[in-house]
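A short write-up of the structure that comes next.
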Amino acid sequence: MIVLVKAYTIFSGRLVRSLRRVGIDAAEFELPKGIVGHAKWIFRLMRSEAKIVHYIDGGYPPLLYIVPRLLGKKVVIHWIGSDVRKATSANATVRQKIGLRVGLRFCNLHLAVSEPLAETLKTIGIEAMVIPLVPDKTPPAYDKIPWPTHKTVHAYLPEPDPELYGASTIFRLAEEMRDTNFLVTGHSGKNAPNLPNIKYLGRLREDEMESVWSKAKVLIRLIAVSDGMPQSIIEALARGRYVIWTYRFPFCMQASSLDEAREALKTALAKESPNYDGMVYAREQFNPTVIAEKLKQQYLNLAGRNGLH
């Protein structure tokens, strides 16, 4: 079976690699631009033997869903977080609402990366199956997981709007807890506190993140808006790290205020051994091959059992 996956940051590449390992001939595609680009895209779809077009993110113009359906393809929309906020926003314009309704009528299957997102989608009449998008790289073996001796915390605070990820709370914690190091990714340090225990690492490649995980005991993610199923949560748990998150989640600590985050952080940093239960849970429940097999089954259901070729 051939599946086309909309190119989307690291998610699409990871998904394509996982699908290929379970026998799906998956390939990424870029969104068309301009009249010529749309013409080429339509021509490619007409010639393609792909049965499925899988969009990561549900916020695209309706034409991108309509054209594949008219050409006999099945359309899958995988909702990831920010797209759900936009789709359910009370501030959406009439044009946006109409476009959403029209486009979604041409979708064959809705997926959501987490249960909370699926519940939110129900408020606009969308029933979505929960299938997360997960890291496709196998974490180190259990006995190869290093356990840091120093109190070190990892926080992702992307520019230009780190406050969506609880920047002020995290900076306050760093100011109070001077004996704790804070490794901040996604941020260059511009217009941010210059504290001796904060190191701004900027945007890192996937292969550079292992160094961060080897140093940090804790991942803290205090997001101010609805979240999907962050890759960092899965990666941290799979490496035995303790996780503090705004949402309730197995083997994580929940915190949504400065006081709650402070207490959770003190508890986590006092741990003298890895989060073994979280490690087992993440590796079993978010195994990329298992997830890819679930997607494969959904593809087969859409295309029909004879859609293997």
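The values are calculated or read from the model by the stated rules, or taken from the named source; none is laboratory data. These figures come from a predicted structure and were not determined experimentally. In this analysis, Cβ positions are derived from the backbone assuming ideal geometry, glycine residues included, and neighbour counts consider all displayed protein chains. These accessible areas exclude ligands, DNA and RNA; they are computed on the full protein's heavy atoms, side chains included. Shrake-Rupley method; radii C 1.70, N 1.55, O 1.52, S 1.80 Å.
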Within segment 122-142, residues within 23 Å of T9 (Cα to Cα) and touching a Phe, Trp or Tyr at 6+ places or on another chain (Cβ under 9 Å) come out as A128, P132, L133, V134, P135, P139
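For residues that are β-branched (V, I, T) and at pLDDT below 95, scanning just segment 256-291, find the one that is surrounded by the most Cβ atoms within 10 Å (Cβ to Cβ).
I291
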Within segment 133-160, residues modelled with pLDDT under 90 and within 16 Å of V225 (Cα to Cα) come out as P160
Filter segment 1-28 for residues that are modelled with pLDDT under 90 and among the hydrophobic types (A, V, I, L, M, F, W, C); the one that is nearest to the chain's Cα centre (by Cα) is F11
Taking segment 31-56 and keeping only residues that are modelled with pLDDT of 90 or more and in a loop (DSSP other than H, G, I, E, B), one is left with S48, E49, A50, K51
For the structure I just gave you, tell me whether Y299 is surrounded by 13 or more Cβ atoms within 10 Å (Cβ to Cβ), out of contact with any Lys or Arg (no Cβ under 8 Å at 6 or more places or on another chain) and among the aromatic types (F, W, Y). no
Going through segment 232-245 in order, the residues found to be surrounded by 22 or more Cβ atoms within 10 Å (Cβ to Cβ) and either in contact with a helix residue (DSSP H, G or I) (Cβ under 6 Å, 6 or more places away or on another chain) or of a type in the set (S, T, N, Q) (or both) are I234, L237, A238, R239, G240, Y242, V243, I244
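For A27, are the conditions met, namely being open to solvent by 20 Å² or more (accessible area, probe 1.4 Å) and either assigned to a strand (DSSP E or B) or of a type in the set (D, E) (or both)?
Here the answer is yes, as A27 does meet what is asked.
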Residues in segment 242-276 that are more than 25 Å from the chain's Cα centre (by Cα) and in a loop (DSSP other than H, G, I, E, B) total 4
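Give the residues of segment 161-191 that are surrounded by fewer than 16 Cβ atoms within 10 Å (Cβ to Cβ) and within 14 Å of R203 (Cβ to Cβ), sorted by residue number.
Of segment 161-191, the ones surrounded by fewer than 16 Cβ atoms within 10 Å (Cβ to Cβ) are 161, 163-164, 168, 172, 175-176, 178-179, 188-191.
The answer is S188, G189, K190.
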Just one listed residue, out of M209, M253, M229, is modelled with pLDDT under 95 and either surrounded by fewer than 22 Cβ atoms within 10 Å (Cβ to Cβ) or basic (K, R) (or both), and it is M209
Within segment 50-78, of all residues that are of a type outside the set (A, V, I, L, M, F, W, C), within 21 Å of I24 (Cβ to Cβ) and touching a His at 6+ places or on another chain (Cβ under 8 Å), the one surrounded by the most Cβ atoms within 10 Å (Cβ to Cβ) is H78
F11 vs (1) in contact (Cβ under 8 Å) with a residue 60 or more places away in the chain; (2) open to solvent by less than 10 Å² (accessible area, probe 1.4 Å); (3) not hydroxyl-bearing (S, T, Y): all pass except (2)
